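> Let me give you the structure first, and then I'll get to my questions.
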Amino acid sequence: MRERRIKSKLLSSFLHDPSAMLGSVIVALFIFAAVAAPWITPQNPYDLKAVSLEHFLTPPIWMKGGQTPYVLGTDDQGRGIYSTIVYGCRTSIIVGFGVVLLAGSFGVTMGLLAGYYGGWLDIVVMRCADTLFSFSTTLMAFLLMGVLKQRGIVTVILAICLADWVRYARTMRGSVLEVKEAAYIMAAKATGARDWRLLLRHLLPNAIPPVMVVVAVDLGVAIMLEATLSFLGVGVPMTQPSLGMMIAIGKNYIYAGMWWMIVFPGLALVMLVVGINLFADWLREELNPKLERR
Amino acid sequence: MKKYILRSLICLCATVVVFGTGLVPAASSASSLVVAVDTPPRMMNPQGDDSDAGLSYMANFFDGLLQRKGPEGKLAPALAVRWEHPDKLSWKFYLRKGVKFSNGNPFTAADVKFTFERLSNPEVSEFLNTGKTIASIKIIGDYTVVIKTKVPIPWFANNMHQIFIMDKESTESRKPGDVMTRPIGTGAYKLVEWVKGSYIRMTANENYWEGAPSIKNIEVRPIKEPSTRFAALVSGQADIVTGVPVALYAKIKSNPKLQVISRPARRCIFLALGNKTGAPWADLRVRKAMYMAINEKEIIQKIMRGHASPSSQVPDPPTIGYNPDIHRLAYDPAMAKKLLKEAGYAKGFDITLTGPNDRYVQDAQIAEAVARYLAKVGIRVKLDVKPKAIFFPEVTGGKLDFYLIGWFDGTFDMGRTYFKIAHTRDHAHGYGGLNGAAYSNAELDRALEATADIINPEKRRQALMKLNKMAMVDQIVWIPLHYQEDLYAMQKGKGIHFTPRPDRWMVYKEISR
């Protein structure tokens, strides 16, 4: 009964928050584009056989010299900017969700165990986390990409996860420490519930809401981080689409007046991340117990 | 949400401030010059960095026994007034008298001996190959030196413009750290200040043996980012910039205040391909097919914007061994497919193309285009481009299969080139050190070794031309692409006279205003 009330309260607050709705519509659009990429683009810009230098550096279609089907123009290898953005969003979204899923589940597990058992486990995990936290995530991921010789989406996800799981672990641990003292946990303990039951049935569901906020924020962070790494040339390999890589290529052409190569992928990245953040902002306000609204 | 907007605005303002103030306009008057270059110096030890970028700085603070002058890079006297080659192994240099180092010490034969001995010290030298070949150095009086090599090296004198002579006394008495940061040489310029990551200031050596240089104060600003370098030029903060990206060529050309100078460079960009037994590309037909699948004309037109000329071999025309009878295989994807089918690879094969992404003009873009051409005849190429700092050690490691690289021989002798990049890898003899795909061909090795003691220039030319043809036509050791063009830009109408050198060095005594 109580649970349903919370859910309906969430839903009604969501329906009354235009910026949250706008955010989720944007995110939904991007996810749709990423999934449907082959059907909504005229070419696969990363199929080596499909691209030709013949149509390189074409301006957007409404400018002089623009050509169909290159709506937003082409880059210096003859890839359509629009198609590349759509395929690039695919990479962004795979990396974003991959990181959230992997770093999230690892971080949550670590936080849960550290928070519940305390003692040396808590010390080891949290000191590890503190050490990692004292470096900037970008730097950590950059260094890890240097160490991991292989290039690819999986490596990027791994590198970001290794640098990023601490966010989840810390939040989860804090939340667990709070919930642990609650009367119903004591009660469950008193009835002789086993540890795993306590952890999975009682602690996890009740301590997870603050982590959801981290998930939403981290999605945007991971997407930005992938773009940063690719921009710096240590992210996905050149033969895979990435918004960061497009921006890196585009920056060489700004002064040559070929703005479309950097502006459109930049806009796409900003829109995606702003969309996620609008949603995350709303979620934070809803789920943060310290921010009691109305 | 407002916080985000505010933060991004702050970031934007900060960026503008940093870029705006980072490059304070320099007072460039008639006797001074500000140059923005693409690579910073690694050190001020003239033997410690054998890259052309490093040597380019050193050539201003130091002199070699010989120097290279003029647009063709002709060998000319410098610290040695003349030289002899009395027998196959000996090189006799007669030194210039009355030359002084920047600390006042006189230049004598002892300094030459000291410098050449220093070459083989791995702690301070990247010229180990040259150092290792020297058997003895004999001093006759104060101004004559006889250098004996262990094996005949016909191109020994050709290398003397990049072995910079150091002062024995001050190099030995100073701490290593000081030697690495403060150059003491006989050169046309003296270092005033080197602020790492910012600038290098130098002032003219008024007592220079060739006469004091025309421009008294030089400020060199290494700016790695091409567009930032371009911005420095457009805003008038730099007089000359090197390494103009091809993408900006048209833009600079249309600016009435600026002038672009292009010069055909000596550097050939080519694809090295291994031939390990069992690999599809060990088959000559496959090598030919890969060659014929690449549309070099389109690469030059589109990726290089016309700033390159097709090459059919690695050495450039002024190099001994260049053979005008070698021609490029025509671009013919249909023929390439046929050859692949004949060789039994109708369905193609997998190969990794490695290459740098921050070394040559449009390097990564060329590699990407090559991958695409090969894909069109069915060869599945995995592209692996990376920063030069990671890529070059892999070349030295010799574990690659297929990579893009550039080369020009500073000594103008193809024999030296081939020993480094075509001879079977042989650590003991120092052969094949840059043969990164471990190409190995016994016949070619024998022919190459046979040229080592041919000194007579004409005979040597003939022998090397034959060897070159064998490598490029009969065996297809490499797939040549093009000679790149060096692009410079400078302020127009400021009375600067600047002719680029073939080796891309910026030698400021050659510039006047």
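The values are calculated or read from the model by the stated rules, or taken from the named source; none is laboratory data. Just so we're clear, the structure is a prediction, and the values are computed from it rather than from any experiment. No Cβ is skipped: glycine too gets one built from the backbone with ideal geometry, and neighbour counts run over all protein chains shown.
> Restricting to segment B:320-348, count the residues that are in a loop (DSSP other than H, G, I, E, B), touching a Gly at 6+ places or on another chain (Cβ under 9 Å) and not aromatic (Phe, Trp, Tyr).
The first filter runs over segment B:320-348 and keeps only residues in a loop (DSSP other than H, G, I, E, B), leaving B:321-332, B:343-348.
Subsequent filtering for residues that are touching a Gly at 6+ places or on another chain (Cβ under 9 Å) retains B:321, B:345-348.
From what's left, not aromatic (Phe, Trp, Tyr): B:321, B:346-348.
The number of residues fulfilling the criteria is 4.
> Among the listed residues B:439, B:418, identify the single one that is away from chain A (no Cβ under 14 Å), in contact with a Leu (Cβ under 6 Å, 6 or more places away or on another chain), over 30 Å from residue B:244 (Cβ atoms) and of a type in the set (Ser, Thr, Tyr). Even if it seems obvious, please write down each step before you answer.
Working: B:439 fails: in contact with a Leu (Cβ under 6 Å, 6 or more places away or on another chain).
Going through B:439, B:418 in turn, the sole match is B:418.
> Consider segment B:92-122. How many of its residues are part of a loop (DSSP other than H, G, I, E, B) and in contact (Cβ under 8 Å) with a residue 40 or more places away in the chain? Walk me through it before giving the result.
Step one: list which residues in segment B:92-122 are part of a loop (DSSP other than H, G, I, E, B), which gives B:96-99, B:101-105, B:107-108, B:119-122.
Restricting the remaining residues to those that are in contact (Cβ under 8 Å) with a residue 40 or more places away in the chain gives B:96-99, B:101-103, B:105, B:107, B:119.
Residues in segment B:92-122 being part of a loop (DSSP other than H, G, I, E, B) and in contact (Cβ under 8 Å) with a residue 40 or more places away in the chain: 10 in total.
Residue-wise test of (1) within 11 Å of chain B (Cβ to nearest Cβ); (2) outside any helix (DSSP H, G or I); (3) free of Cβ contacts under 8 Å to residues at least 12 places away in the same chain; (4) basic (Lys, Arg).
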residue	(1), (2), (3), (4)
A:212	no, no, no, no
A:229	no, no, no, no
A:233	yes, yes, no, no
A:241	no, yes, no, no
A:249	yes, no, no, no
A:261	yes, no, no, no
A:276	no, no, no, no
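> Which residue pairs have Cβ atoms closer than 7 Å, lie 6 or more positions apart in sequence or on different chains, and pair a first residue in segment A:34-51 that is away from chain B (no Cβ under 14 Å) with a second residue that is part of a loop (DSSP other than H, G, I, E, B) and not β-branched (Val, Ile, Thr)?
Between residues of segment A:34-51 that are away from chain B (no Cβ under 14 Å) and residues that are part of a loop (DSSP other than H, G, I, E, B) and not β-branched (Val, Ile, Thr), the close pairs are A:38/A:44; A:42/A:69.
> Among the residues of segment B:274-281, is there at least one that is touching a Gly at 6+ places or on another chain (Cβ under 8 Å) and either touching a residue at least 12 places away in the same chain (Cβ under 8 Å) or of a type in the set (Phe, Trp, Tyr) (or both)?
Going residue by residue through segment B:274-281, those that are touching a Gly at 6+ places or on another chain (Cβ under 8 Å) are B:281.
Filter once more, so that each one left must be either touching a residue at least 12 places away in the same chain (Cβ under 8 Å) or of a type in the set (Phe, Trp, Tyr) (or both): B:281.
Yes; the residues of segment B:274-281 include at least one that is touching a Gly at 6+ places or on another chain (Cβ under 8 Å) and either touching a residue at least 12 places away in the same chain (Cβ under 8 Å) or of a type in the set (Phe, Trp, Tyr) (or both).
> So which pairs qualify, if the first residue must be in segment B:297-325 and over 11 Å from residue B:483 (Cβ atoms) and within 11 Å of chain A (Cβ to nearest Cβ), the second must be among the hydroxyl-bearing types (Ser, Thr, Tyr) and part of a loop (DSSP other than H, G, I, E, B), the Cβ gap must be under 8 Å, and the two must be at least 6 apart or on different chains?
As it stands, the answer is B:297/B:331, since those pairs meet every condition given.
> Let me ask something additional. Kindly establish whether residue B:393 is surrounded by 14 or more Cβ atoms within 10 Å (Cβ to Cβ) and not charged (D, E, K, R). Spell out how you get there, then give the answer.
Working: surrounded by 14 or more Cβ atoms within 10 Å (Cβ to Cβ): no; not charged (D, E, K, R): yes.
When the stated conditions are applied, residue B:393 does not pass them.
> Any residue that is charged (D, E, K, R) and without any contact (Cβ under 8 Å) to a residue 12 or more places away in the chain - is there at least one of those in segment B:184-201?
Initial filter on segment B:184-201 (charged (D, E, K, R)): B:190, B:193, B:196, B:201.
From the residues that got through so far, the ones that are without any contact (Cβ under 8 Å) to a residue 12 or more places away in the chain too are B:193.
Yes, because at least one residue in segment B:184-201 is charged (D, E, K, R) and without any contact (Cβ under 8 Å) to a residue 12 or more places away in the chain.
> Does residue B:395 satisfy being under 26 Å from residue B:362 (Cβ atoms), assigned to a strand (DSSP E or B) and of a type in the set (A, V, I, L, M)?
Values: under 26 Å from residue B:362 (Cβ atoms): yes; assigned to a strand (DSSP E or B): no; of a type in the set (A, V, I, L, M): yes.
Taking the combined requirement at face value, the residue does not satisfy it.
> Follow-up question, since we're still on this one. Is it the case that some residue within segment B:236-251 is polar (S, T, N, Q), more than 19 Å from the chain's Cα centre (by Cα) and over 30 Å from residue B:181 (Cα atoms)? Step through it out loud before you land on a result.
The first filter runs over segment B:236-251 and keeps only residues polar (S, T, N, Q), leaving B:237, B:242.
Within this subset, residues satisfying the condition of being more than 19 Å from the chain's Cα centre (by Cα) are B:237.
Remaining after also requiring over 30 Å from residue B:181 (Cα atoms): none.
No, segment B:236-251 contains no residue that is polar (S, T, N, Q), more than 19 Å from the chain's Cα centre (by Cα) and over 30 Å from residue B:181 (Cα atoms).
> Just one of (1) buried (at least 19 other Cβ atoms within 10 Å of the Cβ); (2) out of contact with any His (no Cβ under 7 Å at 6 or more places or on another chain) trips up residue B:300, so point out which.
Result: residue B:300 passes all but (2).
Table: residues versus (1) in contact with an Asp or Glu (Cβ under 9 Å, 6 or more places away or on another chain); (2) under 22 Å from residue A:145 (Cα atoms).
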position	(1), (2)
B:345	yes, no
B:354	yes, yes
B:366	no, no
B:378	no, no
B:399	no, yes
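> Restricting attention to segment B:244-273, and to residues there that are among the small types (Gly, Ala, Ser) and surrounded by fewer than 20 Cβ atoms within 10 Å (Cβ to Cβ), which single residue is nearest to residue B:314 (Cα to Cα)? Outline the logic, then answer.
Here is the first cut: in segment B:244-273, the ones among the small types (Gly, Ala, Ser) are B:247, B:250, B:254, B:262, B:265, B:272.
Now narrow it down to the ones that are surrounded by fewer than 20 Cβ atoms within 10 Å (Cβ to Cβ): B:250, B:254, B:262.
Working: B:250: 29, B:254: 34, B:262: 21 Å.
Checking each candidate, the answer is B:262.
> Would you call residue A:207 free of Cβ contacts under 8 Å to residues at least 60 places away in the same chain and either away from every other protein chain (no Cβ under 14 Å) or not hydroxyl-bearing (Ser, Thr, Tyr) (or both)? Write out each step before concluding.
Values: free of Cβ contacts under 8 Å to residues at least 60 places away in the same chain: no; either away from every other protein chain (no Cβ under 14 Å) or not hydroxyl-bearing (Ser, Thr, Tyr) (or both): yes.
In short, no.
> Go through segment A:114-153 residue by residue and tally those that are assigned to a helix (DSSP H, G or I), of a type in the set (S, T, N, Q) and free of Cβ contacts under 8 Å to residues at least 24 places away in the same chain. Steps first, please.
So the first thing to find is which residues in segment A:114-153 are assigned to a helix (DSSP H, G or I), and the list is A:114-117, A:119-133, A:137-147, A:153.
Checking the rest, the ones that are also of a type in the set (S, T, N, Q) come to A:131, A:137-138.
Within this subset, residues satisfying the condition of being free of Cβ contacts under 8 Å to residues at least 24 places away in the same chain are A:131.
Residues that pass the stated criteria total 1.
Residues checked against (1) at pLDDT 95 or above; (2) surrounded by 22 or more Cβ atoms within 10 Å (Cβ to Cβ); (3) small (Gly, Ala, Ser); (4) within 25 Å of residue B:456 (Cβ to Cβ):
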position	(1), (2), (3), (4)
B:142	no, no, no, no
B:146	yes, no, no, yes
B:149	no, no, no, yes
B:153	no, yes, no, yes
B:157	no, no, yes, yes
B:165	yes, yes, no, no
B:177	no, no, yes, no
B:186	yes, yes, no, no
B:191	yes, no, no, no
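> Answer yes or no as to whether residue B:112 is aliphatic (A, V, I, L, M), over 23 Å from residue B:131 (Cβ atoms) and either surrounded by 16 or more Cβ atoms within 10 Å (Cβ to Cβ) or at pLDDT 95 or above (or both). Explain how you work it out, then say what you get.
Working: aliphatic (A, V, I, L, M): yes; over 23 Å from residue B:131 (Cβ atoms): no; either surrounded by 16 or more Cβ atoms within 10 Å (Cβ to Cβ) or at pLDDT 95 or above (or both): yes.
In short, no.
> Please tell me if residue B:383 is in contact (Cβ under 8 Å) with a residue 12 or more places away in the chain and in contact with a strand residue (DSSP E or B) (Cβ under 9 Å, 6 or more places away or on another chain). Steps first, answer last, please.
Details: in contact (Cβ under 8 Å) with a residue 12 or more places away in the chain: yes; in contact with a strand residue (DSSP E or B) (Cβ under 9 Å, 6 or more places away or on another chain): yes.
Spelling it out, residue B:383 is indeed in contact (Cβ under 8 Å) with a residue 12 or more places away in the chain and in contact with a strand residue (DSSP E or B) (Cβ under 9 Å, 6 or more places away or on another chain).
> Residue B:460 is checked against (1) crowded, with 20+ Cβ neighbours inside 10 Å; (2) under 30 Å from residue B:394 (Cβ atoms); (3) basic (Lys, Arg) and fails just one. What number does that condition carry?
(2)
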